[in-house]
Amino acid sequence: MIKVIMYGEDLNDREKIQSALDLHCVHVVGYATVPDDEQLLDPQVDYIVISQRPLGTIFEQLVAFGVDRMKIVSAWNIYKSFSAISQIRTSGCIDTIITGLSYAVGIREQLLPNAALNLAFSSQDLLLDYCIARYVIHQRADKLPKFAIIGIASYSFNYEFMMTRASQDSSAIKSRMINWPGLVGRFSQLLGYNDTVAQADLNEHALEEVGHYIKQTELFQSPLGPANYEQMVNLSAAQRGGIVKRVIPAEGPKRVAEKVSMKYYAGSTDRNSKILHSYLELLTTHKIKPILVVHPQHPEYVRHFSPSLRAQFHEIIGELREQFEFQLIDCFDSELVGIHDFRDQDHLDTDAEDRFVEYLNQTIDWQVWK
């Protein structure tokens, strides 16, 4: 049984989180409201579950006190994670799963024409996509989904979640530690994943070992968005219709495009190509139809994104097309959206996202594989 200490002063949040933990055989062994509480250092405790903001500040305080950063968990993320696990394990119908990074988080299941479950999470890379899909297939072997929407970006073959650990961007590292402590933290320790990863062929090892580990663990961590995510996605389109459109200053999308265009870790392109190959092979073997989706981007983002990276993306996709049957819906530079349709530098606002999902509904070939 997993043992946790809950950290936070809000009793309502504490009660809500504890009810979710109880359902999944997680034992709360203590409560803390100050970062220098000695019980937080108990080696028998698996996780410190934070239900108080600001998460980043508390994270830093706990680490300074001596708490293992791998043990620090966002209460909201653990709650949403367990919600996802419950749906995966339910006997109910799941026709479509959605994986991918933050762009795909906005694909609301309620707008798709069949029963869907969105398992796309912020900062998620192709390896985590694969691991999550494998977990779903393992848990639902007798009731598999029929479709898998894979949210992918033009830079996905050059992006690796865990390699951020080698970055000097402390805020990015901290964010990943808070959001993915269970899956990625233990994954890191399990594989000894470090800055020398490029010197070893970890691709097959990672897929096998991490996939196996996820099957065994009861704490499958995945960030499902902000604290109000559940309320947000359940609101009707009419209720959300009052969103004020705004224009994002051009410098923002330009800066993000240039930054992601420079993402590169030695060997990452080859590893990610192999991982997507494994993912497509996994889906095909289980007769789950893959649909790769590239979200629309801001015109300034498109203008400043690396042409060579786009060419590399299509080259790899072309090679995979020779081996697997899948649908690609590439709306990177689509005219479906304009400068008024973004909530930040590279993510659609809810109105534009819903319109994009409607486009997907009309464009996806929903014919089930036999």
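The values are calculated or read from the model by the stated rules, or taken from the named source; none is laboratory data. Note that this is a predicted model, so its numbers are computed, not measured. Positions of Cβ are backbone-derived with ideal geometry, glycine not excepted, and every protein chain shown enters the neighbour counts. Areas reflect the complete protein model, heavy atoms only, side chains present, ligands, DNA and RNA absent. Shrake-Rupley method; radii C 1.70, N 1.55, O 1.52, S 1.80 Å.
Could you list, in sequence order, the residues of segment 311-334 that are open to solvent by less than 40 Å² (accessible area, probe 1.4 Å) and farther than 18 Å from Tyr279 by Cα?
If the condition is that a residue be open to solvent by less than 40 Å² (accessible area, probe 1.4 Å) and farther than 18 Å from Tyr279 by Cα, then Cys331, Phe332, Ser334 are the ones that fit.
Name the single residue, out of those in segment 89-116 being open to solvent by less than 30 Å² (accessible area, probe 1.4 Å) and of a type in the set (D, E, K, R), that is nearest to the chain's Cα centre (by Cα).
My answer is Arg108.
Would it be correct to say that Asp346 is open to solvent by less than 60 Å² (accessible area, probe 1.4 Å), under 30 Å from Pro249 (Cβ atoms), touching a strand residue (DSSP E or B) at 6+ places or on another chain (Cβ under 8 Å) and not aliphatic (A, V, I, L, M)?
Here the answer is no, as Asp346 does not meet what is asked.
Please give the number of the condition Glu315 fails out of (1) of a type in the set (D, E, K, R); (2) assigned to a helix (DSSP H, G or I); (3) in contact (Cβ under 8 Å) with a residue 12 or more places away in the chain.
(3)
Considering only residues that are buried (at least 17 other Cβ atoms within 10 Å of the Cβ) and charged (D, E, K, R), which ones fall in segment 281-290?
Across segment 281-290, the qualifying residue is only Lys289.
Could you count how many residues in segment 282-294 are free of Cβ contacts under 8 Å to residues at least 60 places away in the same chain and under 23 Å from Leu360 (Cα atoms)?
In the first step, residues of segment 282-294 are kept if they are free of Cβ contacts under 8 Å to residues at least 60 places away in the same chain; the result is 284-285.
If we keep only those that are under 23 Å from Leu360 (Cα atoms) too, we end up with 284.
So the count comes out to 1.
Going by the conditions given, is Leu21 in a helix (DSSP H, G or I) and at pLDDT 75 or above?
When the stated conditions are applied, Leu21 does not pass them.
How about segment 249-292: which of its residues are out of contact with any Asp or Glu (no Cβ under 7 Å at 6 or more places or on another chain), at pLDDT 85 or above, closer than 30 Å to Asp344 by Cα and not in a helix (DSSP H, G or I)?
Scanning segment 249-292 gives Pro249, Met262, Pro290, Ile291, Leu292.
What tally of residues in segment 354-370 results from selecting those that are among the acidic types (Asp, Glu) and in a loop (DSSP other than H, G, I, E, B)?
1
Take the conditions open to solvent by less than 10 Å² (accessible area, probe 1.4 Å) and at pLDDT 95 or above and apply them to Phe121. Does it pass?
no
Quick check, is Gln327 within 19 Å of Phe147 (Cβ to Cβ), free of Cβ contacts under 8 Å to residues at least 24 places away in the same chain and not charged (D, E, K, R)?
Values: within 19 Å of Phe147 (Cβ to Cβ): yes; free of Cβ contacts under 8 Å to residues at least 24 places away in the same chain: no; not charged (D, E, K, R): yes.
Spelling it out, it is not the case that Gln327 is within 19 Å of Phe147 (Cβ to Cβ), free of Cβ contacts under 8 Å to residues at least 24 places away in the same chain and not charged (D, E, K, R).
Looking only at segment 91-107, how many residues end up being among the small types (Gly, Ala, Ser) and either within 18 Å of Arg355 (Cβ to Cβ) or touching a strand residue (DSSP E or B) at 6+ places or on another chain (Cβ under 8 Å) (or both)?
Within segment 91-107, the subset among the small types (Gly, Ala, Ser) is 91-92, 100, 102, 104, 106.
Now restrict to residues that are either within 18 Å of Arg355 (Cβ to Cβ) or touching a strand residue (DSSP E or B) at 6+ places or on another chain (Cβ under 8 Å) (or both): 100, 104, 106.
Qualifying residue count for the region: 3.
With respect to Ser51, is the statement that it is closer than 13 Å to Tyr7 by Cα, at pLDDT 75 or above, within 26 Å of the chain's Cα centre (by Cα) and among the small types (Gly, Ala, Ser) true?
yes
Pick out the one residue from Ser268, Ser261, Ser278, Ser273 that is of a type in the set (Gly, Ala, Ser) and open to solvent by less than 10 Å² (accessible area, probe 1.4 Å).
Numbers: Ser261 fails: open to solvent by less than 10 Å² (accessible area, probe 1.4 Å); Ser278 fails: open to solvent by less than 10 Å² (accessible area, probe 1.4 Å); Ser273 fails: open to solvent by less than 10 Å² (accessible area, probe 1.4 Å).
Result: Ser268 is the single residue among Ser268, Ser261, Ser278, Ser273 that is of a type in the set (Gly, Ala, Ser) and open to solvent by less than 10 Å² (accessible area, probe 1.4 Å).
Which ones in segment 24-48 are assigned to a strand (DSSP E or B) and either at pLDDT 70 or above or open to solvent by 60 Å² or more (accessible area, probe 1.4 Å) (or both)?
His27, Val28, Val29, Gly30, Tyr31, Ala32, Tyr47, Ile48
Taking Gln297 as meeting all but one of (1) touching a residue at least 24 places away in the same chain (Cβ under 8 Å); (2) farther than 26 Å from Ser278 by Cα; (3) surrounded by fewer than 20 Cβ atoms within 10 Å (Cβ to Cβ); (4) of a type outside the set (Asp, Glu), write down the number of the exception.
Of everything listed in (1) touching a residue at least 24 places away in the same chain (Cβ under 8 Å); (2) farther than 26 Å from Ser278 by Cα; (3) surrounded by fewer than 20 Cβ atoms within 10 Å (Cβ to Cβ); (4) of a type outside the set (Asp, Glu), Gln297 misses just condition (3).
Give me the pairs, please: first residue somewhere in segment 345-356 and free of Cβ contacts under 8 Å to residues at least 60 places away in the same chain, second residue anywhere and aliphatic (A, V, I, L, M), beta-carbon distance under 6 Å, and either six or more positions apart or on two chains.
Ala352/Val337
Determine which member of the set Arg134, Arg89, Arg108 is within 17 Å of Leu360 (Cα to Cα), basic (Lys, Arg) and modelled with pLDDT under 90.
Values: Arg134 fails: within 17 Å of Leu360 (Cα to Cα); Arg89 fails: within 17 Å of Leu360 (Cα to Cα).
Of the residues listed, the single one that is within 17 Å of Leu360 (Cα to Cα), basic (Lys, Arg) and modelled with pLDDT under 90 is Arg108.
Does Asp351 count as of a type in the set (Asp, Glu), outside any loop (DSSP other than H, G, I, E, B), open to solvent by 20 Å² or more (accessible area, probe 1.4 Å) and modelled with pLDDT under 95?
Against the criterion (of a type in the set (Asp, Glu), outside any loop (DSSP other than H, G, I, E, B), open to solvent by 20 Å² or more (accessible area, probe 1.4 Å) and modelled with pLDDT under 95), Asp351 qualifies.
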